[in-house]
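Enquirer: Got a structure for you, questions after.
The values are calculated or read from the model by the stated rules, or taken from the named source; none is laboratory data. Keep in mind the model is a prediction, meaning the values are calculated, not measured. Note: ideal-geometry Cβ built from the backbone for every residue, glycine included; neighbour counts use all protein chains shown. Calculation scope for accessible area: heavy atoms of the full protein, side chains included, ligands and nucleic acids excluded. Shrake-Rupley method; radii C 1.70, N 1.55, O 1.52, S 1.80 Å.
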Amino acid sequence: MEIPSKYSPKDVEKKWYDYWMEHKLFRSVPDKRVPYTIVIPPPNVTGVLHMGHMLNNTIQDILIRRARMTGKNACWVPGTDHASIATEAKVVAKLRDEGINKGDLTREDFMKHAWEWKEKHGGIILEQLKKLGASCDWDRTCFTMDEKLSSSVIKVFIDLYNKGFVYKGVRMVNWDPQAKTALSDEEVIYKEEKSKLYYIRYKVVGTVDEWLTIATTRPETILGDTALCIHPADKRFKKYVGEKVLVPLVERPVPVIEDDYVDMEFGTGCLKITPAHDENDYIIGEKHKLETINIFNEDGTLNESAELFIGEDRFTARKLIIPELEKSGYLVKEEDYVNKIGYSERTDVVIEPRLSAQWFIKMKDLAKPALDHVMNDDVKFHPPKFKNLYKHWMENIRDWCISRQLWWGHRIPVYYLPGGEYVVAETIEEAVKLAQEKTNNSKLTEKDIKQDEDVLDTWASSWLWPISIFDGINHPDNEDINYYYPTSDLVTAPDIIFFWVARMIIAGFEFRNEKPFDNVYFTGMVRDKLRRKMSKSLGNSPDPLELIEKYGADGVRVGMLLCSPAGNDLLFDESLTEQGRNFCNKLWNTFRLIKGWKTDEKIEQPEVTKQAIAWFEAKLNQSLKLIADHFSKFRISSALMVVYTLIRDEFSGWYLEAVKPEYQKPIDRITFGKTLDFLNKLLKVLHPFMPFISEEIYQLIEERKNGESIMMSEMPEPGLFDAKLLKEFEKAKEIIASIRNIRQGKNIPQKEKLNLCVSFNESKYNKTYLSVVKKLANIDGISFAETIENDSSSFMVGTVHYSVPLGNSIDVEEEKKKLREELGYQQGFLSSVMKKLNNESFIKNAPERVVTVEKKKKADAEEKIKSLKERLKSIS
């Protein structure tokens, strides 16, 4: 089989992904194996692949592929989220481009357009994930508005309503004027901004020239004021309590009240109260039975109740009202001010506090089990620092506003009767029966009842995701839910810890009395090298598909992980994806080198290859143990680095150098076979990280059966290894590197043989790897002597002196300089060690093993110093 001289990711990736799909190698069904389950954080159906998806799904794929190779029944369930606000906005924009206004359509007609849009655009991101190598069970692909998932959402709403957790109430909600819908608290993003603080005065009724001055960042809302408020302890304004003041411009008389909510230090200490447009003002308004005047329409424009600037946008009204206040003598002054403004997480417009009748879920009692099971590590967070953030939110959880004023989504299963009462039912047929019972009127029909127009918050479906994708709500004892639930690991970003993670845990304990997953791995945010969040507006977010086209999927996967510590921000650098591609090329060339060797059955195995094989066997086992440990602690990037250096440095570098035959000469059969065996094992360890190139080389090493794949092979298990043997090889590496440095410094060609002298008792010296030293450093002979010849260049490894005789080419002064520098370094090192050993507190409190290590350092340093001084003396 001819092996191409260059690795071509484009050809290889399509070939093997098609092969995996054709043979259904990602498919999972319940069996007797231990299940390993991951549910994908469902991307918005409107979405396309971005860098955050790349990171998140690369990590999920690594975990699922490794589980598959460790004998588990790996099931990775993909799917998409219907994303009510985002999708409806896309559909409305599409209709607008076609000259159609949403308001002119019936709900049914709009939904037809929405479903058409979903079918056309909804699967794009999942197809893009395939290019990354995602090994999802595509037969299980779910959509949050699929029939079984929709049914689950409706059943849960009804269940919670019947339990008393769901209620309807008029509350101050976060209103998105662009999407024209309520938002939950978690859907509001606060941004610090520079704004203005306006000081505006109100005339006290019945006085000639007495005024009360307030400070506000929202002067347009004074048109909805229904009181001024002071603190009961504020003597400055005490005499005005019970009096009335006139609201500027509209001259509406409103009372002066007192409440200890007021901060006497803010502004003037006098607060305007606008119950319809501020949450705290609303609470004060309820308490003092104040009038509520709503001056905004749903789209953020001013309505007739404002009396002025009717039809103007709220921010336009702000600009218009200031000169009017100034002209009329109401504006006292304005100051620069920095405050936090709430923005809609979906549309990025400033949210408006708005009184509205909405549906809510009482969360306090539901949240308690979910808090307890995270704090006791039944559900483990990685990294654990996110437990404190989770704890703070759960202990201060507020009722969840779950209704949205949209059409795309799960319609709330509430049906209103002619008299204003309502029933809650799965279907309109059930609703009619319940309505007949409730009214004792058997003649009621479907025409007499009307379903609530609103839909449920998108998160009210995705919080059920780990349960509903296995149909665990509709059929709580089915085979899939009993086998795959609870799932194993969730990989997600910390910015949705409240939106999604917390709520899934709440739902798990409420509806199955069981956690939804064992572990939550929080990835970092993907940022650029300047630590800026990636965004289209900044132009700093590369197109993931273009990166894959340029560097190959394996290269991009490795590049992402090389800068991805768990829970910390990932500073993306395209040079790392280039490094990933270069690693692919290095591995490909390594494979071609090995396959290019000819074997000869008659050749005996040389001693040097025996030693190299023994060393690499130990090194491989040590690395496998370390990789397993990293995975157990979700140190995915650290695990990759172990694999990366094992292949690039240890195998492709040291091992192959030690075993490769001389130019154009054959290799012995045993060494060749063992080398291919090592390569096979390395490919298996690498496969979860770089699935495509590992499959390609695996298939080329030897002929495989149709349907056979590296992903279905067994992951190598770590065996026992001799740590002392590994330590000795590290010494051999140092000796080889030092001899190579001498060659470089003296311009001695690698092909020219040198001699090596060891200043040590030969009978006590460990000679295990001297044959490797001889081959890799091109040493002709190795001798042992107590002293070092003056015409030699010397170096130390550990406490042993080595020298290379150079004859007349030795520069004595240069050699002295080098020895003095090394002596100075060792003396400084000894001084730092002695500071610790002379510290009584350190000796008393440090573990015994730590003290022993420091004493060993002291003895080694003293031995080196003694040897260096003797060497300096001998050449002086």
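Enquirer: If you take just the helices (runs of 4 or more DSSP H) that sit entirely in the stretch 460-570, which of them hold at least 1 residues that are open to solvent by less than 30 Å² (accessible area, probe 1.4 Å) and among the aromatic types (F, W, Y)?
Expert: Working: elements: 465-468, 479-484, 503-511, 544-551, 553-561.
Of the helices (runs of 4 or more DSSP H) lying wholly inside the stretch 460-570, those with at least 1 residues that are open to solvent by less than 30 Å² (accessible area, probe 1.4 Å) and among the aromatic types (F, W, Y) span 465-468, 479-484, 503-511, 544-551.
Enquirer: Here is a follow-up. I'd like to check something: does the stretch 21-35 contain any residue that is open to solvent by 20 Å² or more (accessible area, probe 1.4 Å), closer than 30 Å to N706 by Cα, among the aromatic types (F, W, Y) and touching a residue at least 12 places away in the same chain (Cβ under 8 Å)?
Expert: No: zero hits.
Enquirer: May I ask you to verify whether A846 is open to solvent by less than 60 Å² (accessible area, probe 1.4 Å), within 30 Å of L754 (Cα to Cα) and either in contact with a strand residue (DSSP E or B) (Cβ under 6 Å, 6 or more places away or on another chain) or of a type in the set (G, A, S) (or both)?
Expert: When the stated conditions are applied, A846 does not pass them.
Enquirer: Looking at I469, I506, which is the one that is within 18 Å of V153 (Cα to Cα) and in contact with a Cys (Cβ under 6 Å, 6 or more places away or on another chain)?
Expert: Values: I506 fails: in contact with a Cys (Cβ under 6 Å, 6 or more places away or on another chain).
The conditions single out I469.
Enquirer: Kindly list, by first and then second residue, each pair from a residue in the stretch 425-450 that is touching a residue at least 60 places away in the same chain (Cβ under 8 Å) to a residue that is in a loop (DSSP other than H, G, I, E, B), limited to pairs with Cβ atoms under 9 Å and residues at least 6 apart or on different chains.
Expert: Close Cβ pairs satisfying both conditions: A425/P413; E426/P413.
Enquirer: Could you check how many residues of the stretch 406-442 are under 22 Å from G169 (Cα atoms), within 44 Å of the chain's Cα centre (by Cα) and not aromatic (F, W, Y)?
Expert: Summing the residues that are under 22 Å from G169 (Cα atoms), within 44 Å of the chain's Cα centre (by Cα) and not aromatic (F, W, Y) in the stretch 406-442 gives 12.
Enquirer: So, one more: Here is a check on your reading of the model: is K857 under 45 Å from the mean Cα position of the chain (by Cα), modelled with pLDDT under 85, over 24 Å from Q744 (Cβ atoms) and charged (D, E, K, R)? Can you show your working first?
Expert: On the way: under 45 Å from the mean Cα position of the chain (by Cα): yes; modelled with pLDDT under 85: no; over 24 Å from Q744 (Cβ atoms): yes; charged (D, E, K, R): yes.
No, not satisfied.
Enquirer: Okay, next question. Check whether at least one residue in the stretch 311-321 is under 30 Å from V414 (Cβ atoms), out of contact with any Cys (no Cβ under 6 Å at 6 or more places or on another chain) and open to solvent by less than 30 Å² (accessible area, probe 1.4 Å), and report yes or no.
Expert: We begin by selecting, within the stretch 311-321, every residue under 30 Å from V414 (Cβ atoms); these are none.
Scanning the stretch 311-321, I find no residue that is under 30 Å from V414 (Cβ atoms), out of contact with any Cys (no Cβ under 6 Å at 6 or more places or on another chain) and open to solvent by less than 30 Å² (accessible area, probe 1.4 Å), so the answer is no.
Enquirer: Now for a separate question. Filter the stretch 614-641 for residues that are open to solvent by 20 Å² or more (accessible area, probe 1.4 Å) and of a type in the set (A, V, I, L, M); which is nearest to the chain's Cα centre (by Cα)?
Expert: Top of the filtered list is M641.
Enquirer: For residues that are buried (at least 18 other Cβ atoms within 10 Å of the Cβ) and farther than 17 Å from M504 by Cβ, tally how many sit in the stretch 360-385.
Expert: The total comes to 1.
Enquirer: Hey, another quick one. Which of the residues belonging to the stretch 203-220 are open to solvent by 10 Å² or more (accessible area, probe 1.4 Å) and in contact with a helix residue (DSSP H, G or I) (Cβ under 9 Å, 6 or more places away or on another chain)?
Expert: Those that are open to solvent by 10 Å² or more (accessible area, probe 1.4 Å) and in contact with a helix residue (DSSP H, G or I) (Cβ under 9 Å, 6 or more places away or on another chain): E210, T216, R218.
Enquirer: Additional query: Any chance you could count how many residues in the stretch 688-707 are part of a loop (DSSP other than H, G, I, E, B) and within 25 Å of the chain's Cα centre (by Cα)?
Expert: Residues of the stretch 688-707 that are part of a loop (DSSP other than H, G, I, E, B), as a first pass: 688-690, 702-707.
Okay, now just the ones that are also within 25 Å of the chain's Cα centre (by Cα), so 688-690.
The qualifying residues number 3.
Enquirer: Quick one: K751 ticks every box in (1) in a loop (DSSP other than H, G, I, E, B); (2) over 30 Å from D811 (Cα atoms); (3) modelled with pLDDT under 95 bar one, so which box is it?
Expert: (2)
The rows are residues; the columns are (1) of a type outside the set (S, T, Y); (2) at pLDDT 95 or above; (3) buried (at least 18 other Cβ atoms within 10 Å of the Cβ).
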{"position": "F678", "(1), (2), (3)": "yes, yes, yes"}
{"position": "F692", "(1), (2), (3)": "yes, yes, yes"}
{"position": "E703", "(1), (2), (3)": "yes, no, no"}
{"position": "E708", "(1), (2), (3)": "yes, yes, no"}
{"position": "M712", "(1), (2), (3)": "yes, yes, no"}
{"position": "K724", "(1), (2), (3)": "yes, no, no"}
{"position": "I736", "(1), (2), (3)": "yes, yes, yes"}
{"position": "I742", "(1), (2), (3)": "yes, no, yes"}
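Enquirer: Could you check the stretch 445-498 and list, in sequence order, the residues that are within 22 Å of E510 (Cα to Cα) and acidic (D, E)?
Expert: Those that are within 22 Å of E510 (Cα to Cα) and acidic (D, E): D457, D471, D477, E479, D480, D489.
Enquirer: Considering only residues that are touching a helix residue (DSSP H, G or I) at 6+ places or on another chain (Cβ under 8 Å) and open to solvent by 10 Å² or more (accessible area, probe 1.4 Å), look in the stretch 645-669 and name the one that is farthest from A628 (Cα to Cα). It would help to see each step written out before you state the result.
Expert: Restricting attention to the stretch 645-669, the residues satisfying the condition of being touching a helix residue (DSSP H, G or I) at 6+ places or on another chain (Cβ under 8 Å) are 646-648, 650-652, 654-660, 667-668.
If we keep only those that are open to solvent by 10 Å² or more (accessible area, probe 1.4 Å) as well, we get 648, 650, 652, 654, 657, 660.
Numbers: R648: 19, E650: 19, S652: 22, W654: 23, E657: 28, K660: 30 Å.
The extreme case among them is K660.
Enquirer: Mind checking which residues of the stretch 258-277 are crowded, with 20+ Cβ neighbours inside 10 Å and not small (G, A, S)?
Expert: Those that are crowded, with 20+ Cβ neighbours inside 10 Å and not small (G, A, S): V262, C270, L271, K272, I273, T274, P275, H277.
Enquirer: A follow-up question, please. With the requirement that a residue be open to solvent by less than 60 Å² (accessible area, probe 1.4 Å), hydroxyl-bearing (S, T, Y) and assigned to a loop (DSSP other than H, G, I, E, B), what does the stretch 391-450 give you?
Expert: If the condition is that a residue be open to solvent by less than 60 Å² (accessible area, probe 1.4 Å), hydroxyl-bearing (S, T, Y) and assigned to a loop (DSSP other than H, G, I, E, B), then T427 is the only one that fits.
Enquirer: Give S632, S638 a once-over and let me know the one that is out of contact with any helix residue (DSSP H, G or I) (no Cβ under 9 Å at 6 or more places or on another chain), without any contact (Cβ under 8 Å) to a residue 12 or more places away in the chain and not hydrophobic (A, V, I, L, M, F, W, C). Show your work before the answer.
Expert: On the way: S638 fails: out of contact with any helix residue (DSSP H, G or I) (no Cβ under 9 Å at 6 or more places or on another chain).
Being out of contact with any helix residue (DSSP H, G or I) (no Cβ under 9 Å at 6 or more places or on another chain), without any contact (Cβ under 8 Å) to a residue 12 or more places away in the chain and not hydrophobic (A, V, I, L, M, F, W, C) holds for just one of S632, S638, which is S632.
Enquirer: Output the residue which, of all residues in the stretch 56-66 that are open to solvent by less than 10 Å² (accessible area, probe 1.4 Å) and in contact with a strand residue (DSSP E or B) (Cβ under 6 Å, 6 or more places away or on another chain), is farthest from V558 (Cα to Cα).
Expert: I64
Enquirer: Which one is farthest from the chain's Cα centre (by Cα) among residues in the stretch 471-499 that are at pLDDT 95 or above and aromatic (F, W, Y)?
Expert: Y483
Enquirer: Sticking with this one: Go through (1) under 30 Å from L160 (Cα atoms); (2) open to solvent by 20 Å² or more (accessible area, probe 1.4 Å); (3) in contact (Cβ under 8 Å) with a residue 24 or more places away in the chain and name the single condition N280 misses.
Expert: Checking N280 against (1) under 30 Å from L160 (Cα atoms); (2) open to solvent by 20 Å² or more (accessible area, probe 1.4 Å); (3) in contact (Cβ under 8 Å) with a residue 24 or more places away in the chain, the one that fails is (3).
Enquirer: Kindly establish whether M111 is assigned to a loop (DSSP other than H, G, I, E, B), open to solvent by less than 60 Å² (accessible area, probe 1.4 Å) and modelled with pLDDT of 95 or more.
Expert: Numbers: assigned to a loop (DSSP other than H, G, I, E, B): no; open to solvent by less than 60 Å² (accessible area, probe 1.4 Å): yes; modelled with pLDDT of 95 or more: yes.
In short, no.
Enquirer: Pull out all pairs, ordered by first then second residue, where Cβ-Cβ is under 7 Å, the residues are six or more apart or on different chains, the first lies in the stretch 292-308 and is over 12 Å from I222 (Cα atoms) and without any contact (Cβ under 8 Å) to a residue 24 or more places away in the chain, and the second is small (G, A, S) and surrounded by fewer than 16 Cβ atoms within 10 Å (Cβ to Cβ).
Expert: T301/G311
Enquirer: Which of the residues belonging to the stretch 728-758 are of a type in the set (S, T, N, Q) and in contact (Cβ under 8 Å) with a residue 60 or more places away in the chain? Give the derivation first.
Expert: Of the residues in the stretch 728-758, the ones of a type in the set (S, T, N, Q) are 738, 741, 744, 747, 750, 755.
Correct list: S738 only.
Enquirer: Tally up the residues in the stretch 1-20 that are in a loop (DSSP other than H, G, I, E, B) and either open to solvent by less than 30 Å² (accessible area, probe 1.4 Å) or touching a Ser or Thr at 6+ places or on another chain (Cβ under 9 Å) (or both), please. Steps first, please.
Expert: If we filter the stretch 1-20 for residues that are in a loop (DSSP other than H, G, I, E, B), which is where we start, we get 1-8.
Adding the requirement that they be either open to solvent by less than 30 Å² (accessible area, probe 1.4 Å) or touching a Ser or Thr at 6+ places or on another chain (Cβ under 9 Å) (or both) leaves 7.
Result for the stretch 1-20: 1.
Enquirer: For the stretch 757-805, name all the residues that are open to solvent by 40 Å² or more (accessible area, probe 1.4 Å) and part of a loop (DSSP other than H, G, I, E, B).
Expert: First, the residues of the stretch 757-805 that are open to solvent by 40 Å² or more (accessible area, probe 1.4 Å): 760-764, 766-768, 774-775, 780, 782-784, 786-787, 789-791, 799, 805.
Result: F760, N761, N766, K767, T768, E786, T787, E789, N790, D791, T799.
Enquirer: While we're looking at this one, here's another question. How many residues does the stretch 146-187 contain that are open to solvent by 20 Å² or more (accessible area, probe 1.4 Å) and assigned to a loop (DSSP other than H, G, I, E, B)?
Expert: Residues flagged as open to solvent by 20 Å² or more (accessible area, probe 1.4 Å) and assigned to a loop (DSSP other than H, G, I, E, B) within the stretch 146-187 amount to 7.
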